[in-house]
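What follows is a single structure, written as structure tokens, with notes after it.
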Amino acid sequence: MSDQELASLAAAVSDIAVAAGHAILEVYRQDFEVTQKEDQSPLTQADLASHRIIRDALAQLTPSVPLLSEESAEIDFAIRAAWPQYWLVDPLDGTKEFVNRNGEFTVNIALVRGSRPVLGAVHVPVTGVTYVGLVGHGATRQVADSQPEPIRVQVPCADPVRVVGSRSHASPRLAQCLEPLGDYELVSMGSSLKFCLLAEGKADLYPRLGPTSEWDTAAAHAVVVAAGGQIVTLEGRPLQYNQKASFLNPDFVVFADAGRDWIALFR
């Protein structure tokens, strides 16, 4: 696929994420029901409306590329392991933030090739901001109908280090691991926005010491890598996708400045 074709695909995926965001906001502005999935995580009409929009639009855009979504994940590993590429989608990342009405939820759409996300769009419905990353070609941040602006991680990192953490999954272990940093700034944030803060140079480190699923991370993973950052497991290996039957990610660390040994904090 040529650079021009990739850029066109990225723009189309960004538009799809924005359309899904509009559907989410229609529910967000009303009273809505919340049900529980099998894992006891919340599910709303907004998740399902967003899923349907993304599913139908991607089927038109790339009919031959399969889709794996949080809301349609019942696909046997033996089948998806043979996929050379596929769309990996979380139609509403941060449902707890949605239910709590704090605005920190996103629409996540990623194109995964082999074991790595190569394209990602993360849309924030409440603010109208969309982050797009095309690995090897850079990342952008766009506000509503304005022109996309290039973004890049900050290197070297700030002093004190700016650490971003989960609003819904605070961890005493994290505080202990960060003690060797001395003074640091901790920013609590929901959903994929944690990755995006780092991608646009507003954070230096995001350690995730707790459960996430592959659809939670793939789109923002592409944005961070396209912006010059890295995402590795606590063993120092790149975070990979579709390599096992489970969708759960191992613990991982997202960072901007490769000149520091961030992994040493968590050993």
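The values are calculated or read from the model by the stated rules, or taken from the named source; none is laboratory data. Predicted model only: the values in this text are computed from it and were never measured. Please note: Cβ atoms are built from the backbone with ideal geometry, for glycine as well, and neighbour counts cover all protein chains shown. Heavy atoms of the whole protein, side chains included, go into the accessibility calculation; ligands, DNA and RNA do not. Shrake-Rupley method; radii C 1.70, N 1.55, O 1.52, S 1.80 Å.
The table below gives the values:
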quantity: Restricting region 80-94 to residues that are without any contact (Cβ under 8 Å) to a residue 60 or more places away in the chain and within 19 Å of the chain's Cα centre (by Cα), the residue that is surrounded by the most Cβ atoms within 10 Å (Cβ to Cβ); calculated: Trp87
quantity: Subset tally (residues that are more than 12 Å from Gly165 (Cβ to Cβ) and either open to solvent by 10 Å² or more (accessible area, probe 1.4 Å) or acidic (Asp, Glu) (or both)) for region 186-200; calculated: 2
quantity: For Gly182: the one exception among (1) open to solvent by less than 50 Å² (accessible area, probe 1.4 Å); (2) out of contact with any Leu (no Cβ under 8 Å at 6 or more places or on another chain); (3) within 30 Å of Ser72 (Cα to Cα); (4) of a type outside the set (S, T, N, Q); calculated: (3)
quantity: Members of region 105-121 that are open to solvent by 30 Å² or more (accessible area, probe 1.4 Å) and within 15 Å of the chain's Cα centre (by Cα); calculated: Arg116, Val118
quantity: Given (1) outside any strand (DSSP E or B); (2) crowded, with 23+ Cβ neighbours inside 10 Å; (3) at pLDDT 95 or above, number of the condition Ile53 does not satisfy; calculated: (2)
quantity: Qualifying residue in region 245-252 (condition: open to solvent by 20 Å² or more (accessible area, probe 1.4 Å), under 30 Å from Asp76 (Cβ atoms) and in contact with a helix residue (DSSP H, G or I) (Cβ under 6 Å, 6 or more places away or on another chain)); calculated: yes
quantity: Output for region 86-103, where each listed residue is under 16 Å from Gln45 (Cβ atoms) and of a type in the set (Val, Ile, Thr); calculated: Thr95, Val99
quantity: Top-ranked residue of region 128-165 - restricted to ones that are without any contact (Cβ under 8 Å) to a residue 60 or more places away in the chain and in contact with a Gly (Cβ under 7 Å, 6 or more places away or on another chain), ranked as most open to solvent (accessible area, probe 1.4 Å); calculated: Pro150
quantity: Pair list, Cβ < 6 Å and 6+ apart or interchain, from region 1-24 residues that are open to solvent by less than 30 Å² (accessible area, probe 1.4 Å) to residues that are among the hydroxyl-bearing types (Ser, Thr, Tyr) and in a helix (DSSP H, G or I); calculated: Ala20/Ser50; Ala23/Ser50; Ile24/Ser50
quantity: Check on Phe77, of a type outside the set (Ser, Thr, Tyr) and open to solvent by 40 Å² or more (accessible area, probe 1.4 Å); calculated: yes
